[in-house]
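> First the structure, which I've put down as structure tokens, then a few questions once you've had a look.
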Amino acid sequence: MTAAPADAARARATPAPPPAEGRLLREAVRRGRGPAALVLAATALGAAAAVTLPLALGRAVDLLIARADAGSWVLLCTALIATEVATDALVARTGGRTGAATTAWLRRRALAGFLAAPPAATTGTGLPTRLTANALDAGTAPVAAATAAAAGLAPLGGLAGLFLVDPWAGAAFVCGVPLLLLILRALLRDGRAALTMYQEEQGRMARLLTGALSGAATIAAAGTVRAEERRVLAPLAGMRAAGERTWRVQGRAAGLSGALMPLLVAAVLAVGGVRLVAGHLTPGDLLALSRYAVLAAGAGALAGALNGWVRAKAGTARVETVTALPPTPHGTRDLPPHGDGTLALHGVHVTRDGVPLLDSVTLTLPGGTTTALVGPSGSGKSLLAAVAGRLTDPDQGTVLLDGTDLRTLSADALRHAVAYAFERPALFGATIADAVACGPLPEPELRRALRRAAADTFTDRLPHGPRTPLPEAPLSGGELQRLGLARAFTRPTRLLILDDATSSLDTVTAHLVARALTDTPGTRLTITHRLTTAAQSDQVVWLDGGRIRGTGPHSVLWRDPAYRAVFGAGAGGDAGAGADTVTDTGARRRSDVRTDVSNDVRTELPADMRTDLHTGIRTDPRVDTGTGAAE
């Protein structure tokens, strides 16, 4: 049973190259091009009013000195001032609304890219920082581009006005322009590098803080609060260095331009004064020169506009690292109808950072059976479970479900066929019911899923039952796991994968869940450290160091002392015997673990199933019953 060659070839096709750097920035600017154009037009109109105002003021002053009628010029000045105020207000309002809309779009893009990528590709992305501070900076890109483009209009108009009123005054101002351009160039070159470094250190601290908050109880119990404080705050040194560098760059630019601009204004006024005394200028002309000198000196404001554009570019570059994550490629096929959920892995190999974590794994899980995946910590159990349900792809090998390569399935077909329950499930939604249903679900089906996971025993005691808001429902580790199991039970699947999803359940609850799993259609793969779970499974896959060390019934594998050591059992004992335990008095005793299958757990067995008379474990003739001896 293999996938069609054409489909397999499409699934293994070389992924598309990553998007060019800056693509997200261009998309963000294009999305906000309408409001940005309005900002640009309003800024240009305001600049035109600001450039016209000195001439109107100068003419009004000359007429007033001559005791002539200056009413129309005064009205014009009033209208020009009102235009400047109105355009400034329009720019502020449009900029705020556009920034908010662009930020929301960037956050949706980043979250979609994060969820579409394989989990292995999302490690260390620092998503919280990129979705908050970085996206906020990036959201200003459309308006920042328009503002930066229009920032030079008023200074250029002021410079033109200087030459229009008196060329000598304009020449005096131009002498300092080259120095100003050098200041702005240094700001663009050094400012972005410093800001990028600061954002990276900020993201690193956010990742450390998120991890510390998730393990706050462990930190408190271990008494390592001070050590965790030092670890979380370690990036502060880098943030401080980057922040100081940023402020030095900006401070140097602001200081130099702030010192240069008054000197240029003073030079213009000095030349204008001399020209006034010589009779070449009127008092109104001198007033106009002073106003134009201030406008031309506003070239220093270019530093602020360019700094805003630098922040937007740096923030967008950080968000783009998430949006550009390569998505998991999916095919278009569906599973064959009436399949029994047979899962087959052939030559699966996974390497991370040059280290093989799964090495030539080949195994078959017959449809309708339960397989326990056991092994010491770090043996690759969770990675194998992720490969089995295509949360990640192997570097080599194939994974087939009912004879179909998982890589050729459509995304909908894959997720309808495979369900997961995890050791620490994450709950999303407003209420417990929302977290379990993950979408529209009739009330009877919700109740049935909660009952099968033995979660109704505590949800029914909550103030509003399953409709209780999540923040008002403090959950223990076992209760959280039961809700995760209930979520997996909400829909029929061909493959159900439990990644240590019953580790926090008490014995009675684990027994109830095991009974529900028996009635679950399809194939079941469960990672477990429980001896009873392994004993009650149809087959056990013993993983060690990323390789399958043994496969077969628990009763056969139990003959191997190394297999017994996985459960902490001694070298002796019958198959199915429990591990040594320590009593309250410190004496070591042997605990007998019941491995027979109770009548209320499995009352009916298919004709093709047999029961091992020694252990009472239900097995399937299709499952390999080899010894699984160590290599």
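The values are calculated or read from the model by the stated rules, or taken from the named source; none is laboratory data. Just so it is clear, the model here is predicted, and its values are computed rather than measured. Reconstructed Cβ throughout: ideal geometry from the backbone, glycine too, with neighbour counts over all protein chains shown. All accessible areas refer to the heavy atoms of the entire protein, side chains included, with ligands and DNA or RNA removed. Shrake-Rupley method; radii C 1.70, N 1.55, O 1.52, S 1.80 Å.
> Which residues, taken from the range 394-414, are acidic (Asp, Glu) and surrounded by fewer than 20 Cβ atoms within 10 Å (Cβ to Cβ)?
Asp395, Asp412
> If we scan the range 416-430, do we find a residue that is in contact with a Lys or Arg (Cβ under 8 Å, 6 or more places away or on another chain) and without any contact (Cβ under 8 Å) to a residue 60 or more places away in the chain?
Within the range 416-430, none of the residues are in contact with a Lys or Arg (Cβ under 8 Å, 6 or more places away or on another chain) and without any contact (Cβ under 8 Å) to a residue 60 or more places away in the chain.
> Is it true that His338 is surrounded by fewer than 23 Cβ atoms within 10 Å (Cβ to Cβ), in contact with a Pro (Cβ under 7 Å, 6 or more places away or on another chain) and over 28 Å from Pro128 (Cα atoms)?
Against the criterion (surrounded by fewer than 23 Cβ atoms within 10 Å (Cβ to Cβ), in contact with a Pro (Cβ under 7 Å, 6 or more places away or on another chain) and over 28 Å from Pro128 (Cα atoms)), His338 does not qualify.
> Taking only pairs six or more apart or across chains, which ones have beta-carbon atoms under 7 Å, a first residue in the range 548-566 that is buried (at least 21 other Cβ atoms within 10 Å of the Cβ), and a second residue that is among the hydroxyl-bearing types (Ser, Thr, Tyr) and assigned to a strand (DSSP E or B)?
If the second residue must be among the hydroxyl-bearing types (Ser, Thr, Tyr) and assigned to a strand (DSSP E or B), the pairs left are Pro553/Thr619.
> What are the pairs, 6+ residues apart or on separate chains, where a residue within the range 142-154 that is on the phi > 0 side of the Ramachandran plot has its Cβ under 8 Å from a residue that is of a type in the set (Lys, Arg) and assigned to a loop (DSSP other than H, G, I, E, B)?
none
> Further, regarding this structure: From Leu306, Leu286, Leu302, Leu325, grab the single residue that is more than 22 Å from Leu495 (Cβ to Cβ) and in a loop (DSSP other than H, G, I, E, B).
Criteria check complete, one pass: Leu325.
> Also: When you go through (1) among the polar types (S, T, N, Q); (2) touching a residue at least 12 places away in the same chain (Cβ under 8 Å); (3) over 21 Å from Leu302 (Cα atoms) one by one for Ser72, which number turns out not to apply?
Every condition holds for Ser72 apart from (2).
> Further, regarding this structure: When residues of the range 32-43 are filtered for being open to solvent by less than 40 Å² (accessible area, probe 1.4 Å) and of a type in the set (A, V, I, L, M, F, W, C), how many remain?
3
> Please find, among Ala253, Ala259, the residue that is modelled with pLDDT under 80, aliphatic (A, V, I, L, M) and either under 40 Å from the mean Cα position of the chain (by Cα) or within 30 Å of Arg67 (Cβ to Cβ) (or both).
From the options Ala253, Ala259, the qualifying one is Ala253.
> Moving on. Report every pair of residues separated by at least 6 positions or lying on different chains whose Cβ atoms are under 6 Å apart, first residue within the range 198-213 and crowded, with 18+ Cβ neighbours inside 10 Å, second of a type in the set (Lys, Arg) and modelled with pLDDT of 80 or more.
Gln199/Arg318
> Still on this structure, I have one more. Go through the range 214-227 and give me each residue that's part of a helix (DSSP H, G or I) and open to solvent by 40 Å² or more (accessible area, probe 1.4 Å).
Within the range 214-227, Ser214, Ala216, Ala217, Thr218, Ala220, Ala221, Ala222, Val225, Arg226, Ala227 qualify.
> Six or more apart or on different chains, Cβ atoms under 9 Å: show the pairs whose first residue is in the range 495-506 and open to solvent by 10 Å² or more (accessible area, probe 1.4 Å) and whose second is part of a loop (DSSP other than H, G, I, E, B) and among the polar types (S, T, N, Q).
That search, which allows pairs on different chains as well, returns Asp500/Thr528; Thr502/Thr528; Ser503/Thr528; Ser504/Ser476.
> Please determine, by comparing only the residues of the range 54-84 that are open to solvent by 40 Å² or more (accessible area, probe 1.4 Å) and in contact with a Lys or Arg (Cβ under 8 Å, 6 or more places away or on another chain), which one is nearest to Leu164 (Cα to Cα).
Leu57
> Can you confirm whether the range 232-248 contains a residue that is part of a helix (DSSP H, G or I), at pLDDT below 75 and open to solvent by less than 40 Å² (accessible area, probe 1.4 Å)?
So far as the range 232-248 goes, yes, one or more of its residues are part of a helix (DSSP H, G or I), at pLDDT below 75 and open to solvent by less than 40 Å² (accessible area, probe 1.4 Å).
> Report, by residue number, each residue of the range 368-393 that is at positive phi and either open to solvent by 20 Å² or more (accessible area, probe 1.4 Å) or touching a His at 6+ places or on another chain (Cβ under 8 Å) (or both).
Gly368, Gly378
> Can you tell me which residue within the range 511-540, out of those that are at pLDDT 85 or above, under 34 Å from the mean Cα position of the chain (by Cα) and not basic (Lys, Arg), is surrounded by the most Cβ atoms within 10 Å (Cβ to Cβ)?
Thr523
> Let me ask something additional. Right, Pro356: part of a loop (DSSP other than H, G, I, E, B) and surrounded by fewer than 19 Cβ atoms within 10 Å (Cβ to Cβ) or not?
The answer is no for Pro356.
Matching residues to (1) in contact with a strand residue (DSSP E or B) (Cβ under 6 Å, 6 or more places away or on another chain); (2) open to solvent by less than 10 Å² (accessible area, probe 1.4 Å); (3) of a type in the set (Gly, Ala, Ser):
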{"position": "Ala419", "(1), (2), (3)": "yes, yes, yes"}
{"position": "Thr431", "(1), (2), (3)": "yes, no, no"}
{"position": "Pro440", "(1), (2), (3)": "no, no, no"}
{"position": "Glu445", "(1), (2), (3)": "no, no, no"}
{"position": "Thr457", "(1), (2), (3)": "no, no, no"}
{"position": "Gln481", "(1), (2), (3)": "no, yes, no"}
{"position": "Arg491", "(1), (2), (3)": "no, no, no"}
